[in-house]
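Have a look at the structure below, then the notes.
The values are calculated or read from the model by the stated rules, or taken from the named source; none is laboratory data. The structure displayed is predicted, hence computed values, not measured ones. Here the Cβ positions follow ideal geometry from the backbone for every residue, glycine too, while neighbour counts run over all protein chains shown. Only protein heavy atoms, including side chains, enter the accessible area calculation; ligands, DNA and RNA are left aside. Shrake-Rupley method; radii C 1.70, N 1.55, O 1.52, S 1.80 Å.
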Amino acid sequence: MKITNKFKLYIIAGLLVGLLLPFSANFDVEAQEYTIGAMVWDTTVPFYTNYLNGLKDAADEYDVEVLIKNGQGELNQEISVLKQFIAQDVDLMIVTPSDAEGIVPVVKQANKAGIPVIAANNNIGEGAEVLTYVGADDYRFGWQHGKLVEQAIGNTGKIAYIMGHLGTSAQIKRKNGLQDYLDENTDIEIVSSVAADWKYSKALAATQDFLSKYPKGDLDAIVSQGPEGVAGARYAVKNGREEVKFITGDYPADVRKAIKEGKVYGTVNQNPYPQGFLAVEYAYKWLSGKKGFLVTPNAYLYLPLVTEENVEAYPPAWGG
Amino acid sequence: MELAENLRNLRKSVSFKLLIRRYGMLIVFLVIAISLSLYSPAFRSMSNLVNILQQNAVYAIVACGMLLMIIVGGFDLSVGAVAALSNVTAAYIFKISSIPLGIVGGLLLGVLVGVFNGILISKAKINPFVATLGSSTLVRGLLFVSTNAEPVYGLPSGYTVIGMGSIGPIPITTVIAGLVILLTLVILHYTLFGHHIYSVGGNEEAARLAGINVDRIKIATYGIGGFFAALGGLILLSQSNIGQPAVADGLPLTIIAIVVIGGTPLTGGVGNISAPIIGTLMLGVISNGLNLLNASPYWKPALTGLIVILAVASERYWAQQGEN
């Protein structure tokens, strides 16, 4: 048989693929007692880095196998990951959905298949059976934000609000929590709000626009739902508007630095590491029969307020 | 006597038509800007106008590159990924080496990706949509792999001077945008290369027959586009002072929209420097104006879309009236 060039090319390509395949296989032959499937909303979001570290550290600690799969920020992808877990018949699933309601049908399938489910970082909606929810409550996050605003400017005043991407559950719940706290406990008014999509450049532009709109004395604080408010805080200090207090959300390294420098008044610290760790710890306890160990139906982690006074006591939640 | 009268009338109507055709979008923009400044004292304040220029410098810079790529007959969906690439690479080099080296490194990578795009499009004959979408996904993916999607923190604070500082009353970012606009103008109208960009975009086959090295023109144009996108990424870095792999994710469509709103057809061969300027200012002024007028954040996207459609539609309407 005459070997044509094209045929040679196919052989080479086939060999190359064959060469690469073993690298993707898992050589970990030492079988662990339990296999836990962990689906994470989007592993490329910086926030989840420490969450993943928490999962991995707890997996080592309790010697369980944790399969971490990326939901790529898309509900359809998340569903197919969970279906895969069901097909693999994992012992337990830890689920971090992007949408609490949309994930319910596939979690019900897992229930039917007898696979227990723990929700972590973001909750799963009504109708599905979940052992417990490990994470922070974004509504309480907003509530804590309100406390911090009151602490910064007193019982009355005017604030401007920079929100994250509209429609994300963090944006909606943090806003509701803040609004409710301010309405029930203070006379503080949100005079203007803008959606900056969790982006630094948009948050900076929004801050500039607020400062143009409200001259000195007309605005007491600018609150941002995420860490991106820090760029605006630096701008305000540079342009002689120190009288406006800046309050951010979350606690990465750059926010910590700005608090130390006095540019940001304070932030609400949601640390994702203990969420990941606790989720795997709970999974292990449940599977090994110590079911009473779990706090149900919600295991909320503490959301401390960080200001200049206690900043030294808290290492940054990520980016350290 | 009558003849002279007729001639004068004719000249008058011709110049009016010409005015509308050439400056239609500018007139629409001025109408929006003037009504905003009449209505809102905060809008017309000097510091706000300066802010608008600063907030939109990145868009203007990247849009200049996009203009060239659209004129040559393509466009580039990878400008966001390229901006993120230079953003993160520069941040990383700042940390391990120095600021000048980081800037050079970021810009160089931008040119490299641009040239890669150009080669895919001209040599491998892949259409610009697929080629640049592919390289965008590839670049962004490699960024996520190499950083674990974690931002680069702990940069020297001196670099924020570029994003936050100003020369006299003018922000440094605006000065950079001005220089980029000037450079683009010179390339397009005062160099043989610019002339060739128009020729290739207008009729590729004719350009080839006229002896123009079409592939080389395309590769160089995409290289410049990559350079400007990387420059945009460096300015974003100077505003946040953290290198973010996920930065500028919605950038390509915004930039293409800017160039098109500014009056550039996507067919290639046509366009001039007024497009990125007017398009950028139009979107910037609308966003700033809606913020100052306290528009609800839930309404803002819908209002922005509506205003853009109305602006472009009225410009088209007047231009057609002018032609009839």
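So here's what we get for this one:
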quantity	calculated
Whole-percent pair-distance distribution, where bins are 10 Å wide, for the alpha carbons of segment B:177-324	9, 30, 33, 21, 6, 1
Distance between segment B:156-215 and segment B:54-100 - C-alpha centres, whole angstrom	13 Å
22 Å Cα-Cα reach of B:Lys218 towards lysines, excluding residues that sit fewer than 8 places from it in its own chain	B:Lys123, B:Lys125
Contact order relative to length of segment B:83-150, as percent, for alpha carbon pairs under 8 angstrom and 6 or more apart	26 percent
Accessible area of the protein assembly as shown divided out per residue, in Å², using a probe of 1.4 angstrom	45 Å²
Globularity index of segment B:138-247, i.e. its alpha-carbon radius of gyration over 2.2 N^0.38 Å	1.42
Column: log10 I(q)/I(0), Debye, Cα scatterers of chain B, q = 0.07, 0.08, 0.13 Å⁻¹	-0.31, -0.41, -1.01
Cα centroid separation, segment B:248-324 to segment A:141-211 (Å)	30 Å
Chain A - share of DSSP beta bridges that are antiparallel (%, nearest 5)	5 percent
Cα pair count fraction exceeding 11 Å, expressed as % - segment B:26-67	70 percent
Once exposed loop chymotrypsin sites (Phe, Trp or Tyr not before Pro) are cut out (DSSP; at most 14 other Cβ, 10 Å), longest piece of chain B	B:1-297
Estimated D of chain A in µm² per second, where Rh is the Kirkwood radius over Cα pairs and Stokes-Einstein applies at 20 °C, 1.002 mPa s	99 µm²/s
Apportionment of accessible area to carbon and sulfur, segment B:51-174, percent (1.4 Å)	74 percent
Of B:Asn127, B:Asn51, B:Asn272, the one that fluctuates the most in a GNM where chain B has Cα springs shorter than 10 Å	B:Asn127
Length-normalised contact order for chain B - Cα pairs under 8 Å, 6+ apart - percent	34 percent
Alpha-carbon Debye profile of segment A:200-320, log10 I(q)/I(0) at 0.10 Å⁻¹	-0.41
Counted charge near A:Leu305, where neighbours are those whose Cβ lies closer than 13 Å (Asp, Glu -1; Lys, Arg +1)	-2
Within 10 Å of each Cβ in A:160-167, the average number of Cβ atoms from other chains	1
Gaussian network model of chain B, Cα within-10 Å springs - most flexible of B:Ala42, B:Ala63, B:Ala302	B:Ala302
Accessible area buried, both sides summed, chains A and B with 1.4 Å probe, Å²	2600 Å²
Order by protection proxy (mean Cβ within 10 Å, highest first), peptides A:65-72, A:152-159	A:65-72, A:152-159
Scattering curve values for the protein assembly as shown, log₁₀ I(q)/I(0), Debye with Cα scatterers, q = 0.05, 0.06 Å⁻¹	-0.28, -0.40
Local electrostatic count at B:Val72 - Lys and Arg +1, Asp and Glu -1, tallied over other residues with Cβ under 11 Å	-1
27 Å Cα-Cα reach of A:Lys69 towards lysines, excluding residues that sit fewer than 8 places from it in its own chain	A:Lys56, A:Lys83, A:Lys108, A:Lys112, A:Lys173, A:Lys199, A:Lys285, A:Lys290, A:Lys291
